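Q: This is the structure I want to talk about, given as structure tokens.
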Amino acid sequence: MYFLETERLGFGRWDDGLREQARALWGDPMVTRLIGAPEGFTPEQIDARLRLEEENQRAHNVQYWPVFLRETGDLVGCCGLRPAGEKGVMELGYHLRPRYWHMGLATEAGRAVVRYAFEALGVSALEAGHHPDNDASARVLARLGFRRIGTQYYPPTGLQHPTYRLP
């Protein structure tokens with residue numbers, strides 16, 4: 001069922017069968033408020049996001065994969081990769097449902113994806129960013145070994161977001 005596992009988490013792949021889980025994740029304003037959708041994504045935006053994730057999987061063998069608690073099968077959120085523009089470089093990202101915040105799950109998922117990116121996919125580097133008000137994501141990226149390299153304008157929020165790179 002999972003192509004990648006950690007002690008507590010299992011990684012799947014988005015498809016139409018997970019539409020309701022996608023809506024529970026990206027339809028939640030607490031999840032999306034710092035990524036440019038303070039009221040949550042609409043059902044149409046979520047469907048478009050699912051199509052994008054499926055296309056990234058087909059074209060690049062990556063997506064922001066759905067992450068589940070292995071013990072219960074509950075959707076924790078997503079964590080994964082997408083092309084960053086530079087050859088051999090991928091962007092790491094994660095979105096967790098609020099009930100799973102402050103449990104170390106973003107770091108656990110991130111470690112698994114970082115390892116997968118370098119060992120299985122052979123990427124040369126990873127990039128990441130976060131909303132300037134998201135101190136928790138800054139701490140996660142620091143624990144994963146990312147170093148801040150500057151800021152980048154993120155159109156959905158209209159803000160300069162701190163950006164990071166590994167190695």
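Q: Being under 19 Å from Y116 (Cα atoms) and loosely packed, with under 13 Cβ neighbours inside 10 Å is the filter here, so list the residues in region 57-71 that pass it. I'd like the intermediate steps shown before the answer.
A: First, the residues of region 57-71 that are under 19 Å from Y116 (Cα atoms): 57-70.
Within region 57-71, R58, A59, N61 meet the criteria.
Q: Go through region 1-26 and count every residue that is small (G, A, S), open to solvent by less than 30 Å² (accessible area, probe 1.4 Å) and either assigned to a helix (DSSP H, G or I) or in contact with a helix residue (DSSP H, G or I) (Cβ under 6 Å, 6 or more places away or on another chain) (or both). I'd like the intermediate steps shown before the answer.
A: Here is the first cut: in region 1-26, the residues small (G, A, S) are 10, 12, 17, 22, 24.
If we keep only those that are open to solvent by less than 30 Å² (accessible area, probe 1.4 Å) too, we end up with 10, 12, 22.
Among the residues that remain, those that are also either assigned to a helix (DSSP H, G or I) or in contact with a helix residue (DSSP H, G or I) (Cβ under 6 Å, 6 or more places away or on another chain) (or both) are: 22.
Qualifying residue count for the region: 1.
Q: Looking at region 34-56, which of the residues that are open to solvent by less than 80 Å² (accessible area, probe 1.4 Å) and either in a loop (DSSP other than H, G, I, E, B) or β-branched (V, I, T) (or both) is nearest to P66 (Cα to Cα)?
A: That would be I46.
Q: Another question, then. Of all residues in region 120-167, how many are of a type in the set (S, T, Y) and under 22 Å from G88 (Cβ atoms)?
A: If we filter region 120-167 for residues that are of a type in the set (S, T, Y), which is where we start, we get 124, 137, 151, 153-154, 157, 163-164.
If we keep only those that are under 22 Å from G88 (Cβ atoms) as well, we get 124, 163-164.
So the count comes out to 3.
Q: Pairs needed: first member in region 72-89, open to solvent by 40 Å² or more (accessible area, probe 1.4 Å); second member anywhere, assigned to a loop (DSSP other than H, G, I, E, B) and not aliphatic (A, V, I, L, M); C-beta distance under 9 Å; at least 6 residues apart or different chains.
A: Hits for this filter: D74/R97; R82/Q63; E86/S124; K87/S124.
The values are calculated or read from the model by the stated rules, or taken from the named source; none is laboratory data. The model shown is predicted, which means the values in this text are computed figures rather than measured ones. All Cβ positions, even for glycine, are placed from backbone atoms using ideal geometry, and neighbour counts span all protein chains on display. Calculation scope for accessible area: heavy atoms of the full protein, side chains included, ligands and nucleic acids excluded. Shrake-Rupley method; radii C 1.70, N 1.55, O 1.52, S 1.80 Å.
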